[in-house]
Amino acid sequence: MDIKRIKTDVLIIGGGTAGCYAAMTIAERSDKKVVICEKAHIKRSGCLAAGVNALNAYIVEGRTPQDYVDYCRNDAAGIVREDLLLTMSERLNAVTERLEQLGLVILKDENGKYAARGNRNIKINGENIKPLLASAVQALPDVTVLNRVNITDIDVTDNRVNGAFGIGIESGIFYVIEAAAVIIATGGAAGLYKPNNPGFSRHKMWYPPFNTGAGYAMGIRHGAEMTTFEMRFIALRCKDTIAPTGTLAQGVGAKQVNSLGEVYETKYGLTTSERVYGTVNENQEGRGPCYLRTEGITPEQDESLLKAYLNMAPSQTLKWIESGLAPSGQNVEIEGTEPYIVGGHTASGFWVDTKRSTTIRGLYAAGDVAGGAPQKYVTGALAEGELAAVSVVEFLESNDTSEISEGSVQAQLEEAERFLGEDHSLYSTEQLEEAMQTVMDSYAGGIKTNYRFNEKQLDIADRKIRQLYALSDSLHADDPQELMYIYELRERLVVCRSVIAHLKARHETRWHSFAENLDYPERDDKNWYKYVNSRLENGEIKIILRDITERGTVYEHSD
Amino acid sequence: MSIAIDRDKCIGCGKCHDVCPGTLIRLDDARRAYIRYPRDCWGCTSCIKECPVYAIRFYLGADIGGMGSLVHTEREGDILRWIIDSPDGSVSEIRIDQKESNKY
Ligand SMILES: Cc1cc2nc3c(=O)[nH]c(=O)nc-3n(C[C@H](O)[C@H](O)[C@H](O)COP(=O)(O)OP(=O)(O)OC[C@H]3O[C@@H](n4cnc5c(N)ncnc54)[C@H](O)[C@@H]3O)c2cc1C
Ligand code: SF4
Ligand code: SF4
C-alpha cells in the first residue's frame, strides 16, 4: 500500500453532524489547521443523509435548559450526566440560529418566533440539512476534508492520542495522520444485532448501517473509560420501512393502539423504553399487531404527512402510495427495531467531562459517540461539536506535542496488508457479520427474545463473540473497500463484547426492553442508581461503578 | 429498499457515486453507474436527488412489502418533484416546496 503522511493541528474523525460543526467552530476561533476524515462524502454522510424531520431538541418559549435536562433525566430513569446535559442544552438555541443562517428552513409563527411542536421540538424542512453543513465546511480555507478515508484506529501512547491511521477506501492509500488533538465524531453503532428484515432489505434500518461503532471501538481498545453501553436504544418504528414515528405521534397526535383498537400506551408509561416495551408485551399477549392510530385524520393532514415523510424517510410515503391508502385510511403498523448503541438517544459512549474530553489526553468526543447525555439529536450533536472544538482550541495553547512512532505505523500497515494478502479464509466477512448478528439476537437480548436476556445467555454470547473475533483475524479482502468491511466487522465485535459486559454488570431492570435482565427483573435504586462504566485492562473489560453526578455538581476526570 | 439505475440513461457524471453515504455505487469501464452491493442500500435517496438525467429510481424490496413502484425526483427551482411510476403504468407526483417547512 502507498503511504501518505499528514501532520495537522486537529484531526476530526467523521464529517457528520458533530464533526462538521466542530470544524466550523475551530475555524471561527483560531487559525489552526483542521483535517476531517470522512469514510463517505461529507455532502450526505451519516445520520442526516436523507434529511431530518424536526429539530427534536430546542428550548421553546417559556422553557429553560434545566427543563430539558429534567426531561432527559426522567426518560433515562436517572442515569444521565446532568452536567453534560445542561452544558449542551444551553447551546441548543444558538446552534439552531446558526442553522437558520446557513439556510435551513424553520417554520415561524405570526410573531416571527420558531413554531413549536410540543415542548421541545421545532418544525423545519430538514431535507437538505447535511448539504448545508457540508458547504459551510467546504468554504473554510483552513479545513481540509478527506472524503472516502476510513479511520481504522487512533494511535495512543502513555494515554496521549497522537493521531490516527486510515485507508482510502477507493484509492487504497494508507494514511498516517499526526495531530496535536483529535475530535472523534463517528456516530453510534448499527448492525450489531440481527435487523428487522435480515434478507434483501437488511440495511433498511433506522440508524445508518454505515455507522459501525468505529469510535467506540477505538476508545475501548485504547483503554478509554466508556459508559452505559447497557442502555441500548431500540426505536419504535413504522413496520417494514423502519421510518420514524414521532411525526405521527407528536405531529398528528396518533395514539398507540393494539389490534383490538385499545389505546395501550398509557398502560405501560410514556418514556421511550416503555413505549417499546408496551408494544412488545401487547404482541406477546396476543393483542398484536400494534399501530399508531391515524385513521380519521383530515385530508390536509394526509397530504402533510406524505410530504413530511418524503423529507426524511421516503419509503414510508411510497408504502402509503403503493397500498392505495393514505394514513387517514389505515393505521400505521409499528414494531421495535433491533437494538442500536447511540449516545445521542440513550447515554452510551465515551465517558467525557463537560469539555467533552475523554479519559485519553488530547482526545475529545462529540455527538452520538459521546456518552452521558441522551436525547441530543441534531442540535445536541452540533452543541457538543462546538463544546469539543472550544476545548480543543484551548488545549492547543498548551503546545503539548505528540508523535506517531514508526513501530506503530509498521504494525498497522502490516495488519492491513495481511488482510489484503493471500486468501486463506474459509469464511467471508459477510458470513461472520451474520454470525455476530445471530449471536447477539439469540443471546444478548435481540428481537428474537423480545429484547430479554439472562446471565447464562450473556455468557454464551461473550464466548461466541470472542470466537468470531479470533476467526476474523484470517479474513481476506480483495480491495480496499472490502478491507474497510473487515475493519467494520472487527469494530462491531469489539463493541458487542462491551455491550455484553455492561448488560451483565447491571443487576437490575431499570429500563424495560433497553436492558431487560430476566435474572433481575426489578429496578433497584438502592444498589444500582449508578453509572456502569468500563475500561479495557490487559485485554479484559473492567467494570467501574460510579456515583451519579447530582444536580449542580460537575464531574471532572481524576482517577 | 434499493435502487435501480437505467444504464441507457446514465451519462457517467459520477455524482451518485460521490454522494452515497455507503460508497455503494461504482462506474464501470464504459463509465456507466451500477450499484455494487444492492443489499447494502440504506434507502436515503441521496443518489437519486443528484442524478441530472433521472436515471436512478428507488423501490421497496419484496421482503418489506414492495409492489414494484419506482420513485425518482426532479428539481424545478425550489420545487422537488417526487414522481412515482406504478407497475400498472399510472404515475403519481408529489411536489414539495423546499422553502416550506414540514407542518408536523
Ligand atoms: C434516520 C434518522 C432520523 C433522525 N431524525 C432526527 C430528527 O428528525 N430530528 C432530530 O433532532 N434528530 C434526528 N435524528 C438524530 C440525529 O440525526 C443524530 O443524533 C445526529 O445527527 C448524530 O450526529 P453525529 O455527528 O454523532 O453522527 P453522524 O452525523 O452520523 O456523523 C458520523 C459521521 O462519521 C462518519 N464515520 C463513521 N465512522 C468513521 C470512520 N471510521 N472513519 C471516518 N468517518 C467515519 C460517518 O460516515 C458519518 O458521516 C435522526 C437520526 C437518524 C438516524
Ligand atoms: S439510496 Fe442512499 S444508500 Fe442507497 S445507493 Fe443511493 S445514496 Fe447509496
Ligand atoms: S448521477 Fe446519474 S448520470 Fe451521473 S453517473 Fe450516476 S446514474 Fe449516471
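Exactly one of these conditions fails for A:Asn119: (1) of a type in the set (S, T, N, Q); (2) within 14 Å of another protein chain (Cβ to nearest Cβ); (3) not in a helix (DSSP H, G or I). Give me its number. Every listed condition holds for A:Asn119 apart from (2).
Cβ separations smaller than 8 Å between residues 6+ apart or across chains give the following pairs from region B:1-14 residues that are within 20 Å of B:Ile84 (Cα to Cα) and within 16 Å of ligand 1 (Cβ to nearest atom) to residues that are among the small types (Gly, Ala, Ser) and open to solvent by less than 40 Å² (accessible area, probe 1.4 Å): B:Met1/A:Ser201; B:Met1/A:Ser315; B:Met1/B:Gly43; B:Met1/B:Gly61; B:Met1/B:Gly66. Selection over region A:258-273 of residues that are surrounded by fewer than 18 Cβ atoms within 10 Å (Cβ to Cβ), at pLDDT 95 or above and not aliphatic (A, V, I, L, M) gives a count of 3.
Residues of region A:227-241 that are more than 14 Å from every other protein chain (Cβ to nearest Cβ) and either touching a Ser or Thr at 6+ places or on another chain (Cβ under 6 Å) or among the small types (Gly, Ala, Ser) (or both): A:Thr228, A:Phe229, A:Met231, A:Phe233, A:Ile234, A:Ala235, A:Leu236. Within region A:80-116, the only residue that satisfies the criterion of being within 14 Å of chain B (Cβ to nearest Cβ), hydroxyl-bearing (Ser, Thr, Tyr) and in a helix (DSSP H, G or I) is A:Thr96. In region B:38-61, the residue that is farthest from A:Glu170 (Cα to Cα) out of those that are open to solvent by 20 Å² or more (accessible area, probe 1.4 Å) and facing another protein chain (nearest Cβ under 9 Å) is B:Tyr59. Where strands (runs of 3 or more DSSP E) fall wholly inside region B:17-68, the ranges with 1 or more residues that are within 19 Å of B:Val91 (Cα to Cα) and more than 16 Å from ligand 1 (Cβ to nearest atom) are B:56-59.
Please determine, by comparing only the residues of region B:67-100 that are touching a strand residue (DSSP E or B) at 6+ places or on another chain (Cβ under 6 Å) and hydroxyl-bearing (Ser, Thr, Tyr), which one is farthest from the other protein chains (Cβ to nearest Cβ). If we take residues in region B:67-100 being touching a strand residue (DSSP E or B) at 6+ places or on another chain (Cβ under 6 Å) and hydroxyl-bearing (Ser, Thr, Tyr), then B:Thr73 is farthest from the other protein chains (Cβ to nearest Cβ). Of the candidates B:Ile64, B:Ile3, the single residue that is at pLDDT 95 or above and either more than 9 Å from chain A (Cβ to nearest Cβ) or surrounded by 22 or more Cβ atoms within 10 Å (Cβ to Cβ) (or both) is B:Ile3.
Pairs are defined by a Cβ separation below 7 Å, a sequence spacing of at least 6 or placement on different chains, a first member in region A:71-83 that is on the phi < 0 side of the Ramachandran plot, and a second member that is among the acidic types (Asp, Glu); the pairs so defined are A:Arg73/A:Glu82.
Residue by residue through region B:6-23, note down the ones that are more than 10 Å from ligand 3 (Cβ to nearest atom) and more than 9 Å from chain A (Cβ to nearest Cβ).
B:Asp8, the sole residue that qualifies.
The values are calculated or read from the model by the stated rules, or taken from the named source; none is laboratory data. Please read all numbers here as calculations on a predicted model, not as lab measurements. When we count neighbours, we look across all protein chains shown, and the Cβ atoms used for this are built from the backbone with ideal geometry, even at glycine. Surface areas here come from the heavy atoms of the whole protein model, side chains and all, with no ligands, DNA or RNA. Shrake-Rupley method; radii C 1.70, N 1.55, O 1.52, S 1.80 Å.
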